[in-house]
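For reference, the structure discussed in these notes is given below.
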């Protein structure tokens, strides 16, 4: 049976003991509820103090009903002093060497001490006792590999050693923040086996309701949900390693429902495509001159004609460009150092639009190849924690501010990803199939689409090139003027020198 803990946690992190006074004792006690600050933010210490107070108040209520003068419950100061001075009751507990769980506890034989011992066991061994493994005749049950008492701090350290090297810097940065938040709330020494769903829920509630230091408001539910998802990966890892058992206590304590997601979209929380007038302003040569970084200039031109993600563009190598028949193409892959893709469908071949060739892209590739360069943008970093395309994204963001181009909605977003959305919507107006459009931009096919997933072959470059008429940018784009600007930033002469441009 679960033992009531009578604990409340304030927004400041301090725990309080709260117990209801029985209705027949309201007059004698003079109140209906007793609430006492435990003056600690440590969950385990608060549980211990609460158990002691629960026992003493139970004795006091019993004595009141017997018309005896009750012994007053101790103050929290007395409990803390008793813990520091070693004056609290100690119990001898026998532990099963196979399961590392208690089998016997010695008390003084009184009912009160029996209750206190059970309360103590409820705190020390917070999770349910596991089943003792059954051995067949002649066999000795194996000793569990689970480490009893593994602390939260040690568990995070194990995860970092095993998993961090395989994660993207930005992903690991977000996961680290989630782990640190959980560790700060529960305490670094909290055994991971004792972390309950209630404790995880309290932490998640604080994320949504408490304003962090240096911030003006708490996390949104969406951000808190992402934080919870990252923290849940710790327990997935520990479960695989046999360090914890049972359901993941963190997974799903904050979930954004479909209704809430729809409401966010209706409120404008999404990437917006660029309108025609904004596109003309962005690609007018007189405005493009403001961008001094060649990676930003070329990056947004490539995005306009390929619909590729900014990270896919930033990490391109010269070897990724090749000819398929008479068509110049680029292969989006993970075959070189520093390359990564979002999904399996992101691995694809993209034919280069004739306008890109006219703008000098193939000439640039050949010049870099002749100079022995490896990457399309040799001077740009792709190892940023914010992602390989961070330099292009930031430069384009500064450029949009200079042009005073803003989202239509207050909650809307504009950036390089808006160009991807613009390309997709432009191709949507063509008569070509959605399957071909998805293959061009690297979108996943539907799970239920067996025809496309299991039976169709990959699209050829020539077949994807039939999309080009849907990208009619040359109707308004000054190809000659833009080509001149792109040629002015020589990739060979600048190779090895870091660009110091603000944009």
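The values are calculated or read from the model by the stated rules, or taken from the named source; none is laboratory data. Everything numeric in this text was worked out from a predicted model, so none of it was measured. In this analysis, Cβ positions are derived from the backbone assuming ideal geometry, glycine residues included, and neighbour counts consider all displayed protein chains.
Worth a mention:
- Of all residues in the stretch 234-259, those satisfying the criterion of being surrounded by 12 or more Cβ atoms within 10 Å (Cβ to Cβ), part of a helix (DSSP H, G or I) and out of contact with any helix residue (DSSP H, G or I) (no Cβ under 7 Å at 6 or more places or on another chain) are 235, 236, 239.
- Members of the stretch 42-63 that are within 16 Å of residue 186 (Cβ to Cβ) and either surrounded by fewer than 17 Cβ atoms within 10 Å (Cβ to Cβ) or touching a residue at least 60 places away in the same chain (Cβ under 8 Å) (or both): 42, 43, 44, 47, 48
- Residue 454 satisfies every condition listed in (1) modelled with pLDDT of 90 or more; (2) not in a loop (DSSP other than H, G, I, E, B) except (1).
- Residue 397 without any contact (Cβ under 8 Å) to a residue 40 or more places away in the chain and part of a helix (DSSP H, G or I): yes
- Among the residues listed as 158, 129, 121, the single one being at pLDDT below 90 and either in a helix (DSSP H, G or I) or within 19 Å of the chain's Cα centre (by Cα) (or both): 121
- Here residue 385 meets the list (1) touching a residue at least 24 places away in the same chain (Cβ under 8 Å); (2) under 29 Å from residue 281 (Cβ atoms); (3) part of a loop (DSSP other than H, G, I, E, B) almost entirely, failing just condition (2).
- Scanning the stretch 190-219 for residues that are under 15 Å from residue 10 (Cα atoms) and outside any helix (DSSP H, G or I) turns up 210, 211, 212.
- Inspection of the stretch 415-423 identifies no residue that is assigned to a loop (DSSP other than H, G, I, E, B) and exposed (fewer than 15 other Cβ atoms within 10 Å of the Cβ).
- Filter result for residue 317 (surrounded by 19 or more Cβ atoms within 10 Å (Cβ to Cβ), touching a strand residue (DSSP E or B) at 6+ places or on another chain (Cβ under 6 Å), under 24 Å from residue 396 (Cα atoms) and in the same structural domain as residue 391 (by TED's automatic domain parsing)): yes
- Single match in 389, 397, 470 (criterion: outside the structural domain of residue 172 (by TED's automatic domain parsing), more than 21 Å from residue 342 (Cα to Cα) and at pLDDT below 95): 470
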